[in-house]
Structure formats: structure tokens, C-alpha cells
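Following: one structure in C-alpha cells, then a few remarks.
The values are calculated or read from the model by the stated rules, or taken from the named source; none is laboratory data. Computed from a predicted model, the values in this text were never measured in an experiment. Here Cβ is always computed from backbone atoms with ideal geometry, including for glycine, and neighbour counts include all displayed protein chains.
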Amino acid sequence: MNTQNKFIGTGVAIITPFKADLSIDFDSLQKQIEHLITNGINYLVVLGTTGESVTQSESEKDNLVIFIKEKVNKRVPIVLGIGGNDTQAVLNKIRKTDFDQIDAILSVAPYYNKPSQEGLYQHFKAIAEACPVSVILYNVPGRTCSNLKAETTLRLARDFKNIVAVKEASGDFSQAMYIIKSKPKDFIVLSGEDALTLPLMSVGVSGVISVVANAFPKEFSTMVQLALQNNFNDAEKIHYQLLEFIDNLFIEGNPAGIKEALLIMGIIKNNLRLPLVNVSEKTHLKLKELIGKII
């Protein structure tokens, strides 16, 4: 399989279940892995925002990745989140990482220090030169307060063969279209927002790194595959079936919403590490109502 083709379709930013004492719940994690793989997702994204990576210690992250590699057992590709706003720290993490069974890294644009476009280019240049596997850029201005512009994404895509994709979560259709219009042939543009995935696919996006697919992997993967086959009529039916659920999933933040949905579905317990807290009773009841309509 072409390296880039691994990332076409539905990737899932997998949650990290915690026990009541906030240690990692590996039994529930195994249950979630099987839930995703048996329902047709294309690859897993580990230690992303949805996985609460920022509140895990390095030893916890290492143990989590080892466990996921073992349970996945090469059935689907694995993308590992390695990013940050200290370029040297990211490079040090890459050098220390065991990339066996890791197909790519997902690297978020630096946050808080708000680098210029040249700073963003140099940051990802350093990562591409140090990383032994493929690199997927992650542009999410709503979290980073810094937008990786289309021209910078395109410059990186052209200059580094191992920068193979971008998870574009700016919500800016014009920006996504400019990347699609001028990108190298094999470079992949992925949706970073579940609600916008289908309309973005209509203009050339090749898939998604999804949150909602943690709960509904079969439905969301089917929608994406239908869109890839240009069957937008049938894909649209699933899109509108899930749309209100998606909107309510993010009302009180991510992963609080998706973990509450998985609790309602009996897959995990919804335990979050501060500063994240559980959703309100109002949101719980709304998610329960919407899940009942989908299942």
C-alpha cells in the first residue's frame, strides 16, 4: 500500500479511558479498540487531544502506546501524536520514540507562543528532517491561536516527502480548497471537524481524523467511504442522521462529550482528569436522547 493511502478514509482520535482513581483503564481501552476496528475504521490516532495526552506522564504515554500496539497487532495503521510549542522538546521526543508499528506522527502546530508563518515552516522542517516515519500536520487555530496558512502547508508538502498530509481543522473552506487546488498529487487533506467532513469531501478532502467515530465508527466510516465513491446521496443521509449528535457532543468540550456518549453506550466510565470535568445533566440527557435515535 502507498504510504499516503493508509490515511485516506476514517482515522479515529481514540479516547483514553480512566478508572475512578484516574489511572488508565486498560480493560476499557481494549474494549474501545475492538469496537473501532471491528466496525470498519481505517486507522487509529493515539495520544491526541481527544486522548487527553496533555495530562498524562511520559511513562503513562509509553505504557499506553505499548498496550495499543499489542492489541491492534498490525490490523490497522497507528498514528502517534507528537507535537508541542517547544521545537527542541518535540525533536527530543521523536529521537526517544520506538517507531515500531507506528506509521506516522500527527504533529500539532505550536500553540501559545504564536509563531510567524516562517516560524511554523522552520518548526515543521525540523520535525520532518528528524522523523523516521510520515508526518501529518495538524492545523487547529481554535486551540493553538495560530493558523497554518495554505501557502505554508503547501510549501511544507512540496519540500518534504515525508510530510504526507494535513489535518485541517480551521473550519475555513477557502483555505482547505486552496490547499487541495495546489497540493502535490499524493498529499492528503483530512478534515479535522466531524460536522464539516462530508461537505469538505465534496471539494476534494480525502477523509477525516474523527472524534464522533469513537461512538459510531460503522456509521461514520460508511459515510466517508460512500463519499470517496462519489455516492453523496447516501452519504448525506448518514451525515444528517449524525449532525445534531455531533453538535451536542462538543457543547461542553472534547473529550468530555464523547466520553459521556461512550458511558451512555456502556463502553467506558466517564472519568476525566482536571482541568476537564464531566458534562452537565442537561447535555447528558440530550446525548442520551440523540444516541437513542441513532442506534
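Looking across region 72-107, the residues that are in a helix (DSSP H, G or I) and surrounded by 15 or more Cβ atoms within 10 Å (Cβ to Cβ) come down to V72, T87, V90, L91, K93, I94. Set side by side, the residues P184, P199 differ, and just one is within 23 Å of Y240 (Cα to Cα) and outside any strand (DSSP E or B), which is P199. The residues of region 275-291 that are in a loop (DSSP other than H, G, I, E, B) and in contact (Cβ under 8 Å) with a residue 12 or more places away in the chain, listed by number, are L276, V277, N278, V279, S280. In the set Y111, Y138, Y121, only one residue is assigned to a strand (DSSP E or B), among the hydroxyl-bearing types (S, T, Y) and at negative phi; that residue is Y138.
Between a residue in region 200-212 that is within 24 Å of I258 (Cα to Cα) and any residue that is among the basic types (K, R) and assigned to a strand (DSSP E or B), which pairs come within a Cβ distance under 7 Å, given they are 6 or more apart or on different chains? Between residues of region 200-212 that are within 24 Å of I258 (Cα to Cα) and residues that are among the basic types (K, R) and assigned to a strand (DSSP E or B), the close pairs are I209/K167. Could you say which residue among L263, L226, L243 is assigned to a helix (DSSP H, G or I), surrounded by fewer than 16 Cβ atoms within 10 Å (Cβ to Cβ) and either of a type outside the set (S, T, N, Q) or at pLDDT below 95 (or both)? Going through L263, L226, L243 in turn, the sole match is L243.
Of all residues in region 202-223 being in a loop (DSSP other than H, G, I, E, B) and of a type in the set (S, T, Y), which is surrounded by the most Cβ atoms within 10 Å (Cβ to Cβ)?
Residues of region 202-223 in a loop (DSSP other than H, G, I, E, B): 202-206, 211, 215-216.
Keeping just the survivors that are of a type in the set (S, T, Y) gives 202, 206.
Working: S202: 13, S206: 21.
Out of the qualifying residues, it is S206.
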